[in-house]
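**Student:** Sharing a structure, written as structure tokens. Questions coming.
Values quoted throughout were computed directly from the atomic coordinates according to the rules given, and no laboratory measurement underlies them. Bear in mind that the values here come from a model prediction, so they are computed numbers and not experimental data. Counting neighbours? That spans all protein chains shown, and the Cβs are built from the backbone with ideal geometry, glycine included.
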Amino acid sequence: MRKFIAVAGNMGVGKSTLTGLLAQKLGWKPYYEAVADNPYLADFYKDMKRWSFHSQVFFLSRRLYDSLRILKDPEPVIQDRCMYEDAEIFARNLYLQGHMQKKDWQTYWELYKLMRELVPAPELIIYLRASVPTLLQRINHRGRDYEQGVSVDYLEQLNRLYEEWVEGFSLCPTLIIPADELDFVKHEAHLEQIAAWLSYKALPEFFRTRPASVRRRRGRKVPKAQPPLPGVEWRLQTTRK
């Protein structure tokens, strides 16, 4: 069976961090979002209307490139942001807010639909859900210059689109994690809880059937089941019929 999950969520929520931590803990190969490689990104944040189409097409092309690599990769893979977010959240938001022309949006959407037909979905998407205050705090903490002008309204709109997307998404199961309550950087128990859910709740067949060489890679073991964290609500949303 394929061995591929993706981490989704708004900017600043901790996708890249969780991707790296889970990859290290479980012995999976991480595929990170090519933010730093986007030659349009700094210009985009200065003038969204002019550079939105260029920036989004770049991200979509890189997502296709990564998807083809993942399909050929024999190792278990965890991806930082999936292609569905690019189109369903960020590009859609730019169009709705008037930052992308209709003809550009239609061209972009046709490219996305073609990719969606060609590229198989992951086994699971982990959705990190967080409030705008949490997102702003983490964005400010990581200190990317081009993100410092991001508005509250922009993040709120992205959050609304994320919730709509998750509610209607049916290509694979979605594990929804409350990122306001969890700090998997500072608290090892929070990371252990997420890893345990992957191992025993979300993807049990994968962990039972993957090769022993993968299970033992670099001395790492499949995490033991952890007791639920108090006050934290977990939700495993399965694929709709």
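**Student:** Report the net charge of residues surrounding ASP183, where surrounding means a beta-carbon distance below 15 angstrom and charges are Lys +1, Arg +1, Asp -1, Glu -1.
**Tutor:** Its environment carries a net charge of +1.
**Student:** log10 I(q)/I(0), Debye, Cα-only region 1-59, no solvent, q = 0.16, 0.30 Å⁻¹?
**Tutor:** -0.64, -1.20
**Student:** Sticking with this structure for a sec: Pull up the cross-link candidates among the aspartates and glutamates for LYS102, meaning alpha carbon to alpha carbon under 20 Å and not fewer than 8 places away within one chain.
**Tutor:** ASP47, GLU85, ASP86, GLU88, GLU110
**Student:** Sticking with this structure for a sec: Taking the beta-carbon count within 10 Å as an exposure proxy, list ILE5, ILE126 from fewest neighbours to most.
**Tutor:** Going from sparsest to densest Cβ surroundings: ILE126, ILE5.
**Student:** Please compute the net charge surrounding THR19, taking Lys and Arg as +1 and Asp and Glu as -1 over other residues with Cβ under 13 Å from its Cβ.
**Tutor:** Every neighbour counted, the sum reads +1.
**Student:** In terms of the ratio Rg/(2.2 N^0.38 Å) built on C-alpha atoms, what value belongs to region 1-123?
**Tutor:** Rg over 2.2 N^0.38 Å, computed on Cα atoms: 1.08.
**Student:** Here is a follow-up. Report the extension gain between LEU118 and GLN137 in nm, rounded to one decimal, defined as 0.36 nm multiplied by the number of residues separating them, less their alpha carbon distance.
**Tutor:** Separation in residues times 0.36 nm, less the Cα-Cα distance, equals 3.1 nm.
**Student:** Which aspartates and glutamates have a Cα less than 17 Å from the Cα of LYS29, not counting those fewer than 8 places away in the same chain?
**Tutor:** Answer for LYS29, where 17 Å is the Cα cut-off: ASP66, ASP73, GLU75, ASP80, GLU123, listed by chain and number.
**Student:** State, to one decimal in nm, how far the label point of ALA189 lies from the label point of ASP37, with both points 7 Å from Cα in the Cβ direction.
**Tutor:** Using points 7 Å along Cα→Cβ, the separation is 4.0 nm.
**Student:** Further question: For the pair GLN101/ARG69, report the inter-label distance in nm, with labels modelled 7 Å from Cα in the Cβ direction.
**Tutor:** Reported label-point gap for GLN101 and ARG69 is 3.3 nm.
**Student:** Could you list which residues have their amide H under 5 Å from that of PHE169, counting only those 5 or more apart in sequence or on another chain, with H placed in the peptide plane?
**Tutor:** none
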